[in-house]
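The structure appears right after this line, and notes come after that.
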Amino acid sequence: MATAVSNRLKANFKRAFDAQDFLDTAGVSRKVAEFKKKETIFSQGDPAKNVLYIQKGGVRLSVVNKTGKEAVVAVLEPGDFFGEGCLAGQPIRIGTATAITATAVLIIEKKEMIRVLHVEHAFSDRFISHMLSRNIQIEQNLVDQFFSFSEKRLARTLLLLARYGKEGRPQRVLPKISQQTLAEMVGTTRPRVSFFMNKFRKLGFIKYNGGLQINTSLLSVVLHD
C-alpha cells in the first residue's frame, strides 16, 4: 500500500511539474557535477551545504552504524532530489551517497534552494510531494530490511531497479550491477545473493542475455507469503 502511494505521488510530481525545465529556466544558481561509477558524491559526516538533483545515472544512499555495518536505505534515479536534510538544519550528512553508474547531478546551494522554495510556490508544493513519496519509499525499504526474508528483499530490489510499478515502461534489461552491490542493497551476503540469483534464473524469473533481464514473473516472489 505504501509503495503504491509513493508511486502515485512521484508520478503526479513528474506529470504536473517538470523540475529539470524549471531549474533550467528559473535562473537558479547551481552547478553540474559528474561522477564515475562507484564514486562517492558525499560521505557520512560531511558538511551539509547543498541539495542535489539527479540529471542522469543513479545514486545509492547508505548509512554505517557505530559497529561499521552498512545499510542501503534508498536507490535514486534521474528526477530525484537528495541531500535535502540541510534545509531542515541538518549540519552534516547522516549518510553516504554513491554513484551507481556514470552520474550527473545539479548541486544547488542551501540558501538558493530556500529562496526558490519561498518564491516559487508551485515548485515548493511539488518538491514537498516529491520528498514525501521518497520518505515513504525509504520507510518501506527499512521495513523490508527488518521483516522480509533475503530472497524477497532481493526480488523486490531487482524489480525496483527495473522500474516495475513506476510511471512509464519497465526497464527489462538492467545495467551491469555486481552481486556484491546487490548484497549491500539487500542487507545480506554475496553468496546468498548468488544462490538466489541462480534460483531465479532456473525458475525463469531472470535471465542473462546481453545484461540482466527481469521478467514480470519475479513479482510472484514478492507477493508470495
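Each value in this text was obtained by applying a stated rule to the coordinates, not by laboratory testing. Model, not experiment: these values are computed from the prediction. In this analysis, Cβ positions are derived from the backbone assuming ideal geometry, glycine residues included, and neighbour counts consider all displayed protein chains.
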Taking 7 Å along the Cα-to-C-beta vector as the label spot, tell me the SER220-ASN198 distance in nanometres, rounded to one decimal. 2.1 nm
What does the charge count around GLN44 come to, taking other residues whose C-beta lies under 10 Å from its C-beta (Lys +1, Arg +1, Asp -1, Glu -1)? -1
Which peptide among 61-70, 33-42, 81-90, 100-109 comes first, and what is the full order, when sorted by highest mean count of other Cβ atoms within 10 Å? 100-109, 81-90, 33-42, 61-70
Given the C-alpha atoms of the range 40-142, compute the convex hull and give its volume per residue in Å³. 96 Å³
